[in-house]
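The values are calculated or read from the model by the stated rules, or taken from the named source; none is laboratory data. If you're wondering where the values come from, they're calculated on a predicted model, not measured in any experiment. Quick reminder, even Gly has a Cβ in these numbers, built from the backbone with ideal geometry, and neighbours come from all protein chains shown.
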Amino acid sequence: MKVINVCGARPNFMKIAPLMRAYKDFNTIEPVLVHTGQHYDEKMSKLFFEELEIPRPDVNLEVGSGSHAQQTAEVMKRFEPLVLERNPDMVLVVGDVNSTIACALVAAKLGVAVTHVEAGLRSFDMAMPEEINRVLTDRISDLLFVSEPSGLVNLRSEGVDPAKVHFVGNVMIDTLQFNRAKADQTKILGQLGLSEKQYVVVTLHRPSNVDEPAAFGRILDALEQIQQDLPIVFPMHPRTRNNIQKMGFGARVEAMKQLRILEPIGYLEFLKLTAEAALVLTDSGGIQEETTILRTPCLTARENTERPVTIEQGTNQLVGTDSSKILEAYRKVRAAPPSNLAPPEKWDGQAARRIAKTLAEWQP
Ligand code: UD1
């Protein structure tokens, strides 16, 4: 069975890596790897292929940045001829980025089976571009692989045929388990002069936080306070960096003596940083999951999450962008970090294997 596997943006790479590895044990599967080129900077893309040992993509569509419509349309225009030429039995997409919906839509319209890895997650917030991508991708998928129990509930309530749905666990955690020891060898703490549990990691890139000066300003208010207590490291997404300049926040950020802004960093160093942090403040989806397994307290600067298991069973809590709410949660977590945590079901490093096995046995 020929399967085109699509990845496009940074959070896709950790999800594709264990799948490409798992296929090797199933000789009926012939994988083709396509990179859409949605992310293209060396530090947002190439570095991850090297560190995660992802095979070189068979094809790179090199779409680059643009508005949502431009980017989605460009992926579709470049992906359609490839599907026609390669004639796959299936197109597999992961996550919720623009490349995910674009390639799923092309495949569905050409009558090629669509598989969605990380199906069923819902924030119920249609103002979030990823939520639109998730809902639409699931609607046109033939096989839906779910990472946490909420996904099963959501797909059932949307009327998706249960025969298409498989609860397999979390491929992101496969990657975490596979790379944990390697990450431990990195020297990032020493290089940054940090001590275990004596610093905070921050990541922010969501449009609702970093494209909105009011929200971004409130988060900076909180960071100003936090960095008086513990040093902060902030590996910065290009979108966030651009906005700091555009919104005139440069001087405020520079004035924070214990705030260290870094270029985007690789997977292994970031894993080490999050594993040893006192806590993480983020708006990323994947980091909510990783901190759950690492048992690092996580404050999520959002009003909702599509990954509720990270709150029920992990260290995650939603703090929004209100600076006093962020600071209150920060103080509570510092005084009493969460304990007695059990990992979510099937977050055991075997999700990609379960997916490959299901694909190998799949009959249209
Ligand atoms: C995308 C995903 C988001 C994911 C995030 C992880 C969508 C709708 N959003 O958001 O779900 O959490 O990736 O990073 O697909 N840029 C660069 N270099 C790059 C890539 C981007 O400089 O390699 C800059 C460009 O200015 C670009 C901007 O970042 O316009 C945004 O990139 P884009 O891919 O549109 O969305 P992300 O914010 O990265």
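Observations on the model:
- Long-range neighbours under 7 Å by Cβ, at least six apart or interchain, first residue assigned by TED's automatic domain parsing to the domain that holds Pro264 and on the phi > 0 side of the Ramachandran plot within segment 190-214, second modelled with pLDDT of 95 or more and surrounded by 16 or more Cβ atoms within 10 Å (Cβ to Cβ): Lys197/Glu276; Lys197/Ala278
- None of Val165, Val160, Val91 is within 21 Å of Gly37 (Cβ to Cβ), more than 16 Å from the ligand (Cβ to nearest atom), in the same structural domain as His35 (by TED's automatic domain parsing) and not small (Gly, Ala, Ser) except Val91.
Here's the yes/no breakdown for (1) under 20 Å from the mean Cα position of the chain (by Cα); (2) outside any loop (DSSP other than H, G, I, E, B):
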{"residue": "Val106", "(1), (2)": "no, yes"}
{"residue": "Thr115", "(1), (2)": "yes, yes"}
{"residue": "Glu118", "(1), (2)": "yes, yes"}
{"residue": "Ala127", "(1), (2)": "yes, no"}
{"residue": "Phe145", "(1), (2)": "yes, yes"}
{"residue": "Ala181", "(1), (2)": "no, yes"}
{"residue": "Leu189", "(1), (2)": "no, yes"}
{"residue": "Gln198", "(1), (2)": "no, no"}
{"residue": "Asp221", "(1), (2)": "no, yes"}
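- Residues in segment 323-344 that are part of a loop (DSSP other than H, G, I, E, B) and surrounded by fewer than 14 Cβ atoms within 10 Å (Cβ to Cβ): Ala336, Ser339, Asn340, Leu341, Ala342.
- Within segment 1-44, being buried (at least 20 other Cβ atoms within 10 Å of the Cβ) and in contact with a Lys or Arg (Cβ under 7 Å, 6 or more places away or on another chain) holds for Ile4, Ala22, His39.
- Residues located in segment 95-135, provided they are more than 10 Å from the ligand (Cβ to nearest atom), among the polar types (S, T, N, Q) and surrounded by fewer than 24 Cβ atoms within 10 Å (Cβ to Cβ): Ser123
- The condition of being under 17 Å from the mean Cα position of the chain (by Cα) and under 21 Å from Asp229 (Cα atoms) holds for only one of Val333, Val319, Val280, that being Val280.
- Filtered by the rule that a residue be in contact with a Gly (Cβ under 6 Å, 6 or more places away or on another chain) and of a type in the set (D, E, K, R), segment 157-192 gives a lone residue, Asp174.
- Answer residue from segment 198-213, given it is out of contact with any Pro (no Cβ under 9 Å at 6 or more places or on another chain) and of a type outside the set (Val, Ile, Thr) and is farthest from the ligand (Cβ to nearest atom) among those: Pro213
- Phe234 being within 19 Å of Gln258 (Cα to Cα), in a helix (DSSP H, G or I), in the same structural domain as Thr321 (by TED's automatic domain parsing) and aromatic (Phe, Trp, Tyr): no
- Odd one out for Val309 among (1) without any contact (Cβ under 8 Å) to a residue 40 or more places away in the chain; (2) crowded, with 21+ Cβ neighbours inside 10 Å: (1)
- Screening segment 5-59 for residues that are more than 16 Å from the ligand (Cβ to nearest atom) and in a strand (DSSP E or B) and picking the one that is farthest from Ala360 (Cα to Cα) gives Val59.
- Among the conditions (1) surrounded by fewer than 20 Cβ atoms within 10 Å (Cβ to Cβ); (2) more than 21 Å from Lys15 (Cα to Cα); (3) of a type in the set (D, E, K, R), the only one that Arg295 does not satisfy is (2).
- Of the set (1) within 30 Å of Asp348 (Cβ to Cβ); (2) polar (S, T, N, Q); (3) more than 12 Å from the ligand (Cβ to nearest atom), all apply to Gln258 but (1).
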